[in-house]
Structure formats: C-alpha cells, structure tokens
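Below is one structure, written out as structure tokens, with a few remarks after it.
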Amino acid sequence: MQGSDNIPPLMASRTATTLGEQTKLFLQDIRISHTLFALPFAYVGAVIAGRGHPTLLQILWITVAMFGARTVAMAANRIIDRDIDRITPRTKNRPLASGRLRPAVMWGAIAGGLALLIVAAWQLNPLCVKLLPVAAVGVLTYPLFKRFTWGAHLMLGAVDALAPLGAYVGVAAAVAPPAGLLFLAVLLWVAGFDLPYSLMDIEADRRNRIHSFPAAFGEHATRTATLLLHGATTALLALVGLTAGSGPWWYLSVAAGAVLIAYEARELRSSNVLLMNDRIFKANMLFSLVVLAASLAGYIA
C-alpha cells in the first residue's frame with residue numbers, strides 16, 4: 001500500500017520534465033486508484049435514495065462528482081502538506097514533496113477537479129448546487145486540521161462521508177434521516193481505519209508537533225479506538241436499514257461490519273504496522289463492496 005512513498009533518493013532528486021513523466025507522477029501522488037475505494041459508499045447513498053433504482057444518468061454524474069472531489073482533496077492535501085511530507089520519513093519521497101512534480105500540476109488538478117464537481121452538481125439538481133460550497137470548503141481545507149487537533153481523523157472521515165450524502169441528495173433532491181445516518185457511519189468508518197494508518201508516523205508526528213490520535217494517546221489507545229469506531233459504524237448501518245426500509249438483505253452489511261471488527265481485532269495485535277495497514281486497507285475495501293451489494297440486494301429482493 002505504501003510502495004509509492006518509498007522512492008530511492010537518487011530518483012527523488014530529479015524534476016520530471018516531460019508531460020508523460022509529470023502525468024505519471026501526478027497519478028502516483030494522488031493515488032487515483034484509491035478513488036475506487038470511496039465509490040461504493042457513494043453508490044450506496046444513491047441506491048438508498050432511489051430505493052434500488054437510481055438512473056444511469058444519475059450514477060454517471062455521481063461518479064464524475066466523486067472523481068472531481070477526490071482529485072481536489074488529494075491535490076490540496078499534497079500542496080498544503082508538502083512541507084510536512086518533506087520532513088516525514090515515510091512521505092519525504094512523494095513526487096511533490098521531493099521536487100520531482102511541479103506544484104503547478106497540483107494547482108491545475110484542483111481547478112480541474114472543482115470544475116468537474118460544479119458541472120456534476122449542476123447536472124444532478126439545484127440542491128446539490130446549493131450545498132456545493134460546503135463540500136468544496138471541506139475537501140480544500142481538511143489537511144489543515146492536523147496542525148491543531150487530533151480530530152483531523154474525524155474531519156477526514158467527514159470529507160469522505162460527503163460522498164454518500166451528496167449521492168443521496170443527487171438522487172432524492174432532499175436530505176432525510178437515512179442520509180444523515182449513512183454520513184455518520186462513513187465518517188466513523190474512515191476515521192477508524194485512518195487511526196492505525198497514522199501509527200506509521202507516530203514518532204515523526206511527535207517530533208514535528210503534528211496532531212494525530214496516536215501521537216496524543218499512544219498505540220494501545222489507537223488500536224482500541226479503531227475497534228470502537230467500527231463498532232459504532234456497524235450500529236449506525238443497522239439504523240440506516242431501519243429508517244430506509246432497505247429490506248432484510250441490508251443486514252448483510254451489519255454482519256460484514258461484525259466480521260470486519262473481528263478481523264481487525266486480530267490484525268491490530270501485529271507489531272508489523274506496515275503489513276497490518278495493508279491488510280486492514282484491503283479488508284475495508286472489501287467491506288465497502290459488501291455494503292454496496294447488500295444495499296442493492298435489499299431493494300431488488
């Protein structure tokens with residue numbers, strides 16, 4: 001999972017000059033493939049809002065919005081955090097932090113991503129357009145929070161949770177209890193697996209006065225908090241099913257949450273933090289797909 005951060009120093013010293021090199025480094029730095037990680041829950045929001053039948057056009061514009069928002073968020077993160085990345089061992093060889101990628105590329109990505117987000121919101125419905133400034137501010141500013149509070153993990157979760165909330169609004173043109181509960185579920189879910197991820201930088205964060213939960217409370221508390229947050233996620237998913245009338249198949253997602261917690265409880269005992277995070281990341285990716293499948297089955301069945 002972290003292979004793209006481990007670039008040999010000799011490679012890290014040269015600024016890429018060709019358009020192809022800059023494009024490759026840009027895609028590597030923002031991890032475009034990780035957009036797929038956030039998509040399933042966006043589609044869950046759309047499925048619940050459309051009671052199993054969002055239109056293909058709505059799905060298209062939700063996908064465009066997700067791609068735009070994810071691009072803005074990651075590009076803003078790299079720009080805002082490039083000085084922190086340079087002094088953190090795990091991230092110092094990232095393309096932007098190491099000087100191989102030009103900052104102008106990231107600024108261009110932010111502008112392009114915002115344009116996609118605006119067009120997608122406009123195509124979905126007027127309420128999406130009205131709520132767009134809130135989403136834009138969130139994706140542009142969330143990296144700043146680690147400078148002030150360990151609650152940055154929750155802010156990251158809130159930004160990612162805008163995906164299912166926005167998708168729900170995009171289909172239903174309204175905000176209802178299932179949308180709010182799904183927002184909270186995804187917020188806690190993302191924060192939960194971001195905590196063990198931050199264990200990789202615990203010493204650097206303490207040294208550089210970066211606010212993270214592990215740096216503030218230690219490793220044991222971090223591992224415990226991950227399980228508690230994902231327990232709350234599972235409970236919230238049950239409430240989503242109750243309020244949305246999603247049918248009995250929806251509770252497959254609740255069962256998947258319980259399995260995820262059991263699996264993480266085992267993995268969180270590992271002393272190999274890198275391997276532990278790789279496995280937890282993959283498990284959570286599978287979990288998001290199971291929740292999407294459960295939402296579809298709940299209405300189709």
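Residues in region 265-275 include none that are touching a residue at least 24 places away in the same chain (Cβ under 8 Å) and acidic (Asp, Glu). Note on region 78-101: among residues that are touching a residue at least 60 places away in the same chain (Cβ under 8 Å) and under 13 Å from PHE26 (Cβ atoms), the one that is surrounded by the most Cβ atoms within 10 Å (Cβ to Cβ) is PRO95. Taken together, VAL137, VAL129, VAL119 contain a single residue that is free of Cβ contacts under 8 Å to residues at least 40 places away in the same chain, in contact with a helix residue (DSSP H, G or I) (Cβ under 8 Å, 6 or more places away or on another chain) and surrounded by fewer than 17 Cβ atoms within 10 Å (Cβ to Cβ), which is VAL129. Every listed requirement among (1) at pLDDT 95 or above; (2) farther than 21 Å from VAL290 by Cα; (3) surrounded by 23 or more Cβ atoms within 10 Å (Cβ to Cβ) is met by ASP29 save one, (1).
I'd like to know if region 175-196 contains one or more residues that are in contact (Cβ under 8 Å) with a residue 60 or more places away in the chain, assigned to a helix (DSSP H, G or I), over 22 Å from ALA121 (Cβ atoms) and within 13 Å of the chain's Cα centre (by Cα). Yes, there is a match, as at least one residue in region 175-196 is in contact (Cβ under 8 Å) with a residue 60 or more places away in the chain, assigned to a helix (DSSP H, G or I), over 22 Å from ALA121 (Cβ atoms) and within 13 Å of the chain's Cα centre (by Cα).
Looking only at region 46-83, how many residues end up being small (Gly, Ala, Ser), assigned to a helix (DSSP H, G or I) and over 17 Å from the mean Cα position of the chain (by Cα)?
Of the residues in region 46-83, 2 are small (Gly, Ala, Ser), assigned to a helix (DSSP H, G or I) and over 17 Å from the mean Cα position of the chain (by Cα).
Selection of region 206-221 for residues being surrounded by fewer than 23 Cβ atoms within 10 Å (Cβ to Cβ), touching a residue at least 24 places away in the same chain (Cβ under 8 Å) and not in a loop (DSSP other than H, G, I, E, B) yields ASN208, ALA215, ALA216, PHE217. If you scan region 147-171, which residues turn out to be surrounded by 24 or more Cβ atoms within 10 Å (Cβ to Cβ) and either among the charged types (D, E, K, R) or touching a Lys or Arg at 6+ places or on another chain (Cβ under 7 Å) (or both)? Scanning region 147-171 gives a single hit, ASP160. Any idea which residue in region 46-69 is surrounded by the fewest Cβ atoms within 10 Å (Cβ to Cβ), counting only those that are in contact with a Phe, Trp or Tyr (Cβ under 7 Å, 6 or more places away or on another chain) and either of a type in the set (Phe, Trp, Tyr) or at pLDDT below 95 (or both)? The selected residue is ARG51.
This table checks each residue for (1) closer than 28 Å to PRO214 by Cβ; (2) at pLDDT below 95; (3) touching a Ser or Thr at 6+ places or on another chain (Cβ under 8 Å).
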{"site": "VAL134", "(1), (2), (3)": "no, yes, no"}
{"site": "VAL139", "(1), (2), (3)": "yes, yes, no"}
{"site": "LEU144", "(1), (2), (3)": "yes, yes, no"}
{"site": "PHE148", "(1), (2), (3)": "yes, yes, no"}
{"site": "LEU154", "(1), (2), (3)": "yes, no, no"}
{"site": "ASP160", "(1), (2), (3)": "yes, yes, no"}
{"site": "ALA167", "(1), (2), (3)": "no, no, no"}
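Within region 135-174, no residue satisfies the criterion of being in a helix (DSSP H, G or I) and on the phi > 0 side of the Ramachandran plot.
The values are calculated or read from the model by the stated rules, or taken from the named source; none is laboratory data. None of these values were measured; they are calculated from a predicted model. Every residue, glycine as well, gets a Cβ built from its backbone with ideal geometry; the counts of neighbours run over all protein chains shown.
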